[in-house]
1. Largest first, what is the accessible-area ranking of R106, R126, R53, R135 with a 1.4 Å probe?
2. For the chain, with all protein chains present and a 1.4 Å probe, just round the carbon and sulfur fraction of the accessible area to a whole percent.
3. In debye to the nearest 20, how big a dipole does the chain give about its Cα centre with +1 on each Lys and Arg Cβ and -1 on each Asp and Glu Cβ?
4. Once amide H atoms are built 1.01 Å from N in the peptide plane, which residues 5 or more positions from T3, or in another chain, come under 5 Å H to H?
5. Order the peptides 112-124, 79-91, 153-165 from the highest to the lowest mean number of other Cβ atoms within 10 Å of their residues.
6. For segment 107-123, what does the Karplus curve 6.51 cos²θ - 1.76 cosθ + 1.60, with θ = phi - 60°, yield as ³J(HN,Hα) per residue in whole Hz, taken in order and with x for Gly and Pro?
7. Which net charge results for the neighbourhood of V93, defined as the other residues with beta-carbon distances under 15 angstrom from its beta-carbon, given Lys and Arg at +1 and Asp and Glu at -1?
8. About its Cα centre, how strong a charge dipole does segment 97-174 have in debye, to the nearest 20, once Lys and Arg get +1 and Asp and Glu get -1 at the Cβ?
Amino acid sequence: MATIEITTMIGCPLMCTFCPQDNLKQSYGKVNDKYMSLETFTVILDKIPSNVRIDFSGMAEPWANPHATQMLEMTLRRGRPVAIYTTLYGMSVEDSVYITETLLPRFEKQVDIVCLHMPDNNMNMRGYKGSDDYRQILKNFLNMARSGAFPAKKFKAMTMDKSGHIHSDLKDLL
């Protein structure tokens with residue numbers, strides 16, 4: 001399947017050790033707005049052929065952009081195939097409930113994969129800052145997969161290092 005990665009912002013607050021953010025930011029030069037607007041996303045979505053899967057990934061955390069949930073909803077409501085690669089950073093608890101209880105279960109046939117990039121004990125995701133909200137958001141995604149509301153075979157999680165050990169703050173959840 002043909003795919004296109006949507007990068008919803010320039011730069012990324014997570015500063016993962018393997019990501020070439022400095023090079024990417026330099027290639028954009030000076031910009032007035034580091035976040036893709038909903039209007040720009042709409043124009044882009046209208047120009048991409050309907051058989052092309054929209055991957056919310058790119059070289060930045062999609063939900064660092066405050067419009068990411070709206071972008072996802074628009075894409076799904078237009079019948080487009082989708083893949084989501086996210087650390088969950090920037091997502092609100094409310095958005096996580098809407099995504100896990102409404103959007104993903106309702107449009108499950110269009111979603112090829114939801115892959116969570118988890119923080120690891122080696123802190124390869126340098127911008128990760130644990131919080132009660134982050135834990136609740138992660139719980140919402142895990143509950144969605146465990147409940148059967150979304151097929152477990154389409155739900156993946158990974159860490160950023162070769163050990164696969166999740167950050168110690170989150171071990172009790174997995």
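The values are calculated or read from the model by the stated rules, or taken from the named source; none is laboratory data. Note that the structure is predicted; figures quoted are calculated from it, not measured. Don't worry about glycine lacking a Cβ; one is built from the backbone with ideal geometry, like all the others, and counts go over all protein chains shown. Remember, those area values only see protein heavy atoms, side chains included, never the ligands or the DNA or RNA. Shrake-Rupley method; radii C 1.70, N 1.55, O 1.52, S 1.80 Å.
1. On the way: R106 150, R126 130, R53 40, R135 60 Å².
Of R106, R126, R53, R135, the descending order of accessible area is R106, R126, R135, R53.
2. Values: 4590 of 9040 Å².
For the chain, the apolar C and S fraction of the accessible surface comes to 51 percent.
3. Details: 20 positive and 19 negative charges, 83 e Å.
So the dipole magnitude of the chain works out to roughly 400 debye.
4. The answer is R53.
5. Working: 112-124: 18.5, 79-91: 20.0, 153-165: 14.3.
So the peptides 112-124, 79-91, 153-165, ranked by packing, come out 79-91, 112-124, 153-165.
6. 10, 3, 5, 8, 9, 7, 7, 10, 10, 8, 8, 9, x, 10, 5, 8, 6
7. Numbers: positive: R135, K139; negative: E94, D95, E101, D132, D133.
The answer is -3.
8. Details: 12 positive and 9 negative charges, 45 e Å.
Result for segment 97-174 is approximately 220 debye, rounded to the nearest 20.
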